[in-house]
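Trainee: Encoded as structure tokens, here's the structure I'll be asking about.
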Amino acid sequence: MTTDETDRELIIEREVPFARELVWKAMTEAEHQNHWWGPDGFRNENVTMDFRVGGKWTFDMIAPDGTVYPSQSLFKEITPPTRLIYDHGDGQRVWFEQSITLMATAKGTLITLRQLHPSKAERDALVEKVGAIEGGKQHLAKLEAYIKAHLS
């Protein structure tokens, strides 16, 4: 039995002019990730990362106004340097499953972020109330700027 998931998903893509392995490094190593992770104006504190299938990644995402957003992810699949899947939430509940796919292109790497939410209503609320689409675009722009300035 198959079900259509498109009404519960959010997909954001960006092509960057860097090799897939370099993008993977920036996305999966805490020493790099903490310098760019999140939308504009956000920063991370209290970060721990056990980067293995079944491992947890926890951090507090701090908004520009000082609001603290506790975050916890559980790694479900790690396939270097092409695919990463984890459940993301706040430690109390899972908000969505995040998959990140890196595809080599003639110009560099196509990054695809896919969030699969429990329901269409929950996805829509994140888009409308939190600005998830614009935040995702800012997130990937910060990744590209970080790689350009620090890893390339």
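Trainee: Name the residues in segment 4-40 that are surrounded by fewer than 15 Cβ atoms within 10 Å (Cβ to Cβ), modelled with pLDDT of 95 or more and assigned to a loop (DSSP other than H, G, I, E, B), would you?
Mentor: Pro17, Asp40
Trainee: Still on this structure, please answer the following. Within segment 43-152, which strands (runs of 3 or more DSSP E) (wholly inside it) include 2 or more residues that are free of Cβ contacts under 8 Å to residues at least 40 places away in the same chain?
Mentor: 43-49, 56-62, 68-79, 83-89, 94-105
Trainee: Against the condition at pLDDT 95 or above, in contact with a strand residue (DSSP E or B) (Cβ under 7 Å, 6 or more places away or on another chain), closer than 21 Å to Thr6 by Cβ and aromatic (Phe, Trp, Tyr), how does Phe96 come out, does it pass?
Mentor: Spelling it out, Phe96 is indeed at pLDDT 95 or above, in contact with a strand residue (DSSP E or B) (Cβ under 7 Å, 6 or more places away or on another chain), closer than 21 Å to Thr6 by Cβ and aromatic (Phe, Trp, Tyr).
Trainee: Of the residues Ala104, Ala132, which single one is modelled with pLDDT of 95 or more and touching a helix residue (DSSP H, G or I) at 6+ places or on another chain (Cβ under 6 Å)?
Mentor: Ala104
Trainee: Going by the structure shown, is Glu97 among the acidic types (Asp, Glu) and either closer than 16 Å to Glu15 by Cα or in contact with a helix residue (DSSP H, G or I) (Cβ under 8 Å, 6 or more places away or on another chain) (or both)?
Mentor: No; evaluated as a whole, the condition is false for this residue.
Trainee: Hey, any hits in segment 56-74 for a residue that's exposed (fewer than 14 other Cβ atoms within 10 Å of the Cβ), touching a strand residue (DSSP E or B) at 6+ places or on another chain (Cβ under 9 Å), on the phi > 0 side of the Ramachandran plot and not acidic (Asp, Glu)?
Mentor: For segment 56-74, residues exposed (fewer than 14 other Cβ atoms within 10 Å of the Cβ), touching a strand residue (DSSP E or B) at 6+ places or on another chain (Cβ under 9 Å), on the phi > 0 side of the Ramachandran plot and not acidic (Asp, Glu): absent.
Trainee: Let me ask another. Charged (D, E, K, R), in contact (Cβ under 8 Å) with a residue 24 or more places away in the chain and either touching a Gly at 6+ places or on another chain (Cβ under 6 Å) or under 24 Å from Ile133 (Cβ atoms) (or both): does that describe Asp40?
Mentor: In short, yes.
The values are calculated or read from the model by the stated rules, or taken from the named source; none is laboratory data. Computed from a predicted structure; not experimentally measured. Neighbour counts run over all protein chains shown; Cβ positions are idealised from the backbone, glycine included.
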